1. Can you give the relative contact order of region A:184-246 as a percent, counting alpha carbon pairs under 8 Å and 6+ residues apart?
2. Rounded to two decimals, what is Rg over Rh for region B:175-240 when you use alpha-carbon atoms and the Kirkwood radius?
3. So if R0 is 51 Å, what FRET efficiency would residue A:144 and residue B:3 give, r being the distance between their Cβ atoms, rounded to the nearest 0.05?
4. Do you know the relative contact order of chain A, to the nearest whole percent, from alpha carbon pairs under 8 angstrom that are 6+ apart?
5. Hey, any idea what the orientation-averaged projected area of the convex hull of the protein assembly as shown's Cα atoms comes to, in nm²?
6. Am I reading the B/A interface right? What is its buried accessible area, both sides, 1.4 Å probe, to the nearest 100 Å²?
7. Express the carbon and sulfur contribution to the solvent-accessible surface of region B:224-276 as a percent, rounded to the nearest whole number, probe 1.4 angstrom.
8. Shielding by partners for B:246-252, please: the mean number of other protein chain Cβ atoms within 10 Å of each residue's Cβ.
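The values are calculated or read from the model by the stated rules, or taken from the named source; none is laboratory data. Just so you know, these numbers come straight off a predicted model, no measurement behind them. Cβ atoms come from the backbone with ideal geometry, glycine included; neighbour counts cover every protein chain shown. Side chains included, ligands, DNA and RNA excluded: accessible areas come from the protein's heavy atoms. Shrake-Rupley method; radii C 1.70, N 1.55, O 1.52, S 1.80 Å.
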Amino acid sequence: MTTIAVNSSSSVLEQKRISVGRFIGFTILAFIVLFAFLTPLVWPVDPTKQSLRNVLAGPSWSEPLGYDHLGRSMLARLAAALRLSLGLAFLSVLTAAVPGVLLGILAAWKGGIVDRALSILGDVSLALPGLLLVLMLTAIAPDSPWALYVGISLVLWIEYFRLTRATTRTLITSPAVQASRLLGFGPAYIVRRHLWPEISPMILTVGAFGAATAIMAIAALGFVSVGVRPPTPELGLMMTELLPYYEEAPHALLQPIVVVFLLVLSLNLIAGRKAR
Amino acid sequence: MTRTLGYRLFQALLVALTVGVLTFIMVRALPGDMAYRIAAGRYGYDMVNTDAANAVRTELGLDRGGAAALGQWFWDLVRFDLGVSVVSGEPVIDEVRHQLGHTVELALAAVLMSLLIGPPLGILAGLRPGGAIDRGLLLVSSTLRALPHFVVGLLLIIVLATGMGILPAAGHGEPQNLILPALTLALGLAAVSSRVARDAMAGVVSSPYYAFGRTKGLSEAQVFLRHGLRNVSVPIVTYLGVQFIYLIEGVVVVETLFAWPGIGHALVHAIFARDVPVIQGTALVMGLMFVLLNALVDLACYLIDPRRQTA
């Protein structure tokens with residue numbers, strides 16, 4: 001008896017912890033988004049404007065986050081880099097989610113040759129590890145965020161497709177859906193009434209996880225200098241640029257690192273513990 | 001089993017096809033005059049003039065038509081003729097073979113290290129879910145998972161190499177050069193595999209057969225070795241397959257960070273120098289390595305879990 005009681009109480013605790021984690025995740029993310037989008041309004045400094053007298057100067061009242069190795073405002077650069085990462089990640093997740101979910105439902109619904117063709121399409125996109133695909137696309141069109149966007153979306157849509165397909169497949173044979181079909185309801189009703197309530201909670205998890213993947217990929221490519229090019233502020237690129245000046249100005253190098261950490265942490269927390 | 005291996009073979013074909021088409025588009029779509037860029041890669045930026053570019057153009061046949069070039073491209077790929085690096089002039093296959101050795105060395109060291117760090121800690125945590133080890137591990141693994149591999153590597157360099165001066169920050173040749181890059185990859189891998197091991201172990205510990213093993217008087221060690229280990233290892237090995245994506249991606253970034261002369265390093269530099277044959281060769285080998293590793297994981301799971309053999 002006691003083991004059962006312990007188990008149930010721990011599972012309640014677990015559920016509570018997940019929701020608390022999600023709440024913390026949303027709070028951190030909200031702060032980051034506010035920082036990224038409010039800074040240019042409150043602090044209209046050009047992220048590429050140099051003042052060489054202040055090279056690597058530490059934080060001060062006139063410049064809260066200090067200057068980088070070329071005398072550019074770290075605050076303006078961080079906010080601009082975040083806008084790029086957040087915007088690109090959001091756009092990629094959205095572009096991946098819509099066709100991913102629709103094609104997943106289509107594949108499970110039609111079955112047969114449609115299902116097989118779409119699954120092969122998924123296998124083709126999965127053939128290369130994600131970063132490799134993005135890397136090769138950026139080699140095709142260097143110096144443009146579009147290659148990053150297309151590559152990341154191509155990598156992310158498969159997760160939506162697989163999950164939606166698997167869920168729809170089991171749901172479509174359930175008595176509830178069959179009853180709805182027998183009563184003459186159309187596909188739109190069945191999707192809205194039976195499929196969407198099951199699929200929608202997963203979309204947030206997969207989306208948050210996908211956004212974290214996207215942000216890491218953008219930063220990784222910037223770090224090896226094949227993503228966006230200088231002087232565009234980008235989190236990974238900023239780390240590469242500031243690494244040689246670590247001894248003189250550790251605060252400058254740590255800023256993009258902390259920001260990436262908080263951003264990915266918040267997204268992981270939103271995704272919850274189940275998503276890896 | 002033949003079915004899964006057949007699927008992996010199909011996947012390998014897809015890798016070759018994708019890499020082939022992508023690199024072909026790459027050659028055609030690269031902005032600017034390819035001949036000039038290759039000449040710059042060969043002779044240095046200061047030595048490039050029209051004569052040098054034209055010499056490169058006629059030598060490499062850059063002015064041929066699109067369809068003929070694509071046909072030639074796939075014919076070469078089918079024969080596994082990866083061509084010659086347009087920068088160094090060496091056959092790509094030789095360069096890749098050389099670099100692959102270094103990458104495999106790094107990857108093996110990373111996987112071994114991660115297996116030593118991750119699953120044992122995860123199993124310890126899973127034996128007492130909610131205990132101190134479990135909570136501490138959750139904190140550490142969440143932190144590590146929120147850090148991209150290059151940040152982990154960067155922090156390791158700052159702390160261990162420039163801060164304390166224990167290990168060299170970059171380089172290759174000495175055994176201690178291997179430690180930092182391998183540790184960087186291993187920490188990322190262990191962050192996930194420890195959680196997988198923890199969840200699997202917690203599941204096994206709460207199962208009826210585990211409780212029965214204890215009830216009939218087996219010691220903790222006996223019940224773990226007889227009933228726990230094998231059941232826990234299937235999800236860990238399966239998850240290793242998913243982690244190989246992380247490993248391949250990590251190799252690209254971590255090799256670049258630590259100047260490790262492997263395949264990922266070569267790929268990034270080939271992209272700088274617009275050395276398409278090398279891009280094709282390295283991407284192809286990395287993609288195929290990924291498929292091969294997954295096939296090995298399938299095989300390992302088949303051997304560990306006898307239930308799959310009858311099914």
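1. Answer for region A:184-246 is 20 percent.
2. Rounded to two decimals, Rg over Rh is 1.17.
3. Here the calculated transfer efficiency is 0.75.
4. Numbers: 348 pairs, mean separation 70.1, N = 276.
Worked out over chain A, it gives 25 percent.
5. Projected area, direction-averaged: 32.9 nm².
6. 3900
7. 69
8. Numbers: counts 3, 1, 5, 10, 3, 3, 8.
Average per residue, whole number: 5.
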